[in-house]
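Here is the structure we will look at, set down as structure tokens.
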Amino acid sequence: MSERVGDWAPAEFERHGRELLAMVREHFESVREVPVTVPRTSAELMDALRAPLPEAGEDFARVLADTRDRVLPHVVHWNHPSFHAYFANSASFPGVLAETLTAAMNVNAMLWKSGPAASALERVVLDWVAELVGYPAGADSVLVNGASLATLYALAAARDAALGDDVRVNGVPAGATLRVYTSEQAHSSVDKAAITLGIGQANVVRLPVDEHYRLRPEVLEEAIRRDLAAGAVPVAVVATVGTTSVGAADPVAPVAEVCARHGVWLHVDAAFGGFWRLAPSLTDAVEDLSPADSLVVNPHKCLYVPMEATVLHCRRRGALARTFRLVPEYLTSHQDADTVDFMDLSPQLGRSFRALKLWWVIRSFGRAGLARRLENSVGQARWLRASVERHPDWHCPVTSLYPLVCLRFEPAALRGRRAEVDALNAAVVEEVNASGSAFVSHAVVEEGYVIRVSIGNIHTTHEDVERLWELLTAVAARLSPAPAASPAA
Ligand SMILES: Cc1ncc(COP(=O)(O)O)c(C=O)c1O
């Protein structure tokens, strides 16, 4: 179409930007009429979207219209007030706008020199996050894309701390058995890190949990002692604060004591659980994260910051750089006391200006505003739990401190028939999700299959949670076998 070179004129950018913002505004003004998901097969989606590579540039109005008509209707709306699957997260508007400016400036924050404002702001927001989650000031810290990679980087530093500098040059010594200890409830990113680091998935020791799904310090102690006696090298313990399936929290202080006794690195995965201490009603109840040698928290999970934004803190100063600092000639730069070249703290070289969206979100809401919003979610979850417990056919087989509600429908006709109750609950999830009115996920706990409702989206109101409960109970009642279908029938 166009023969021109160069970019759009700035005025053209602004015009399209306004059109885009109007589209986003319309979406959120009527978001409750938008299905959270519309089930489509992958073939249907590919048929709708597959197209030949465009030879000539297209009019942006057409690209935007196609996005509105052919892409957005198939999106799973993670930013929908009735999205309750996985961990409900939300991109707040200040964060969304920050992403636009970040892209417009296109800063690369690999070195202080290559992105001084971005690097300085990264230091500022990392300090703020440490203060928000109660981690000691002065740690080495870095923004990364997700908790999985943060855990990988932390365990790489832990491995090198356990084995010494030689690992960097020669790799893991032949015959060495390295061990990472965690609970059977820990996230799969721990295994992936072990696989990637050459520790091996078989050397992730997944320990049994107590009745509240928490790591048991005495079992951990025993496992480390046994391995030491057998000549293995304990590299790290990974404790979780806010487990993925049920929102349990490992007891950090006693686990830290075990680690200290054996000189083992403690990594705490608080990707989900890290920020809830801000909610006033939870402040005294949540685990103290300060004993962790390294800590991961996800502002993109609970702090209203758009994907991708994870914080890795490490109080063992210099440990991350010891593993990752490697400076080719073209990247040499002047260092002073305030300078951080963030490329030294992870394997990532080119890095986007992630700090801006944290800065905008934290400044826009303030500590008190964040606390109020988190408390609001906690209250919504309490209401849902209480409603579940009042219903004769529903209960919560496991209770989390956090706004993660695991519930199970067990009508009298099926009481004690686990497989059938599991299938019924799975059918409820399927039907609720197919309705488009809400999106939930599931977990399997001691008792069986549970419907898992994560609450935490900034747009979710009490009425949304009431509607979800009405939907769940209505669908369950419809799918439930009539009382006549009880064993006697
Ligand atoms: C406890 C926990 N840790 C780590 C992760 C991985 O997070 P990310 O998607 O940021 O890599 C998750 C994801 O849900 C999680 O629940």
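The values are calculated or read from the model by the stated rules, or taken from the named source; none is laboratory data. All values reported here derive from a predicted model rather than from experimental measurement. Because the Cβ atoms are built from the backbone with ideal geometry, glycine has one as well, and the counts that use them run over all protein chains shown. With ligands, DNA and RNA removed, areas are computed over all heavy atoms of the protein, side chains included. Shrake-Rupley method; radii C 1.70, N 1.55, O 1.52, S 1.80 Å.
Using 0.36 nm per residue of separation minus the Cα-Cα distance, give me the extension gain between Ala423 and Glu222 in nm, one decimal.
68.5 nm
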- Query: Between Arg467 and Val76, what is the label-to-label distance in nm when each label sits 7 Å out along the Cα-to-Cβ direction?
  - Reply: 2.1 nm
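Can you give the longest run of the chain that contains no GluC sites (Glu not before Pro) sitting in a DSSP loop with at most 12 other Cβ atoms inside 10 Å? List each step's numbers first, then the result.
Numbers: sites that count: Glu3, Glu55, Glu58, Glu184, Glu211, Glu446.
In the chain, the maximal stretch lacking such sites is 212-445.
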- Message: Test of understanding: what is the full-extension gain from Ser441 to Asn106, defined as 0.36 nm times their sequence separation minus their Cα-Cα distance?
- Response: 117.0 nm
- ³J(HN,Hα) across region 94-102 via Karplus (A = 6.51, B = -1.76, C = 1.60, θ = phi - 60°), whole Hz, x for Gly/Pro? x, x, 5, 5, 4, 4, 5, 5, 4
- Message: Give me, ordered by chain and number, the residues 5 or more places off Thr240 or on other chains with an amide H under 5 Å from its own placed amide H.
- Response: Asp250, Asp269
- Would you list which lysines come within 24 Å of Lys113, measuring only between C-alpha atoms, while excluding same-chain residues fewer than 8 positions from it? Lys357
- Item | Accessible-area order (highest first, 1.4 angstrom probe) of the listed residues Tyr402, Tyr213 | Tyr213, Tyr402
- Note on the structure: Sequence order, region 117-130: Karplus ³J(HN,Hα) from phi using 6.51 cos²θ - 1.76 cosθ + 1.60, θ = phi - 60°, Hz rounded, Gly and Pro as x, gives 5, 5, 5, 5, 5, 4, 4, 4, 6, 5, 5, 4, 5, 4
- Considering only protein heavy atoms, what is the solvent-accessible area of Lys192 at a probe of 1.4 Å, reported in Å² to the nearest 10? 140 Å²
- Sequence-distant or interchain residues sharing an amide H contact under 5 Å with Val445, placed H: which? Val450
- For Lys192, counting only lysines whose alpha-carbon sits under 26 Å away and dropping same-chain residues fewer than eight positions off, the answer is Lys301
